[in-house]
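The values are calculated or read from the model by the stated rules, or taken from the named source; none is laboratory data. Because the structure is a prediction, the values reported are computed rather than measured.
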Amino acid sequence: MVRVPPTGTVIAGKVQLYKRKHGLESSEYACDMPLPVNEWPHPAQRVTITETNELTTYLIVAYMVGSKDGGKV
């Protein structure tokens, strides 16, 4: 099944992209401004690793489709 987004959503996205590419839209957010490649932050510097307590337990939920084909799941 192929899902196609609504035409209005696609057009609005293309208009916004055009405006940003051609400098027709001002943005108050620094993350919306293009950065030269040499100014991109290194991915390892953006990751925050938080260690958990060994006593912490987590619930794991697994969902199975259950469909079979020729006796194989």
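A residue that is at pLDDT below 75 and part of a loop (DSSP other than H, G, I, E, B) cannot be found anywhere in the stretch 36-45. Scanning the stretch 9-34 for residues that are modelled with pLDDT under 75, among the aliphatic types (A, V, I, L, M) and part of a loop (DSSP other than H, G, I, E, B) turns up just one, M33.
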